[in-house]
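Since the structure comes first, as structure tokens, the remarks are kept for the end.
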Amino acid sequence: MANGPSAVADLRSIGSLNLEDNRKTAEVITDLLHQQLNIPKSEVRMFFNDYKPDMVAMDGKVITDILAGK
């Protein structure tokens, strides 16, 4: 790891991540960070986290219930 600039991205989703989208997203974000902030592509790290709808809550309700209209 270099002593220069680096980046870590924590990308979260609720039930919609997949390998093909992750590949595209990693490429686009890495290119953007390199072009806009001059961060070497080799110094960009990303973590993809895909949560099940019953593991996330909003407004006091789990997403599973919100999607079901409860």
Percent of beta bridges antiparallel (DSSP, the chain, rounded to nearest 5): 20 percent
With x for Gly and Pro, the residue-by-residue ³J(HN,Hα) of region 34-49, computed from phi through the Karplus equation 6.51 cos²θ - 1.76 cosθ + 1.60 at θ = phi - 60° and given in whole Hz, is 5, 5, 7, 10, 6, 8, x, 4, 6, 10, 9, 10, 9, 10, 9, 10
State the extension gain, in nm to one decimal, for the chain segment bounded by Asp65 and Asp31, taking 0.36 nm per residue of separation less the distance between their alpha-carbons. 8.5 nm
Distance in nm between pseudo-label sites at Lys41 and Asp54 (7 Å out along the Cβ direction from Cα): 4.1 nm
Between Leu11 and Lys24, what is the label-to-label distance in nm when each label sits 7 Å out along the Cα-to-Cβ direction? 1.1 nm
Long-range amide H contacts for Ile39: which residues qualify at under 5 Å (H placed 1.01 Å from N, peptide plane, sequence gap of 5 or more or a different chain)? His34
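Taken together, the values in this text are just the output of simple stated rules run on the coordinates, not laboratory data. Predicted, not measured: the structure shown is a model, and the values here were computed from it. As a convention, Cβ positions derive from the backbone with ideal geometry for all residues, glycine included, and neighbour counts pool all protein chains shown.
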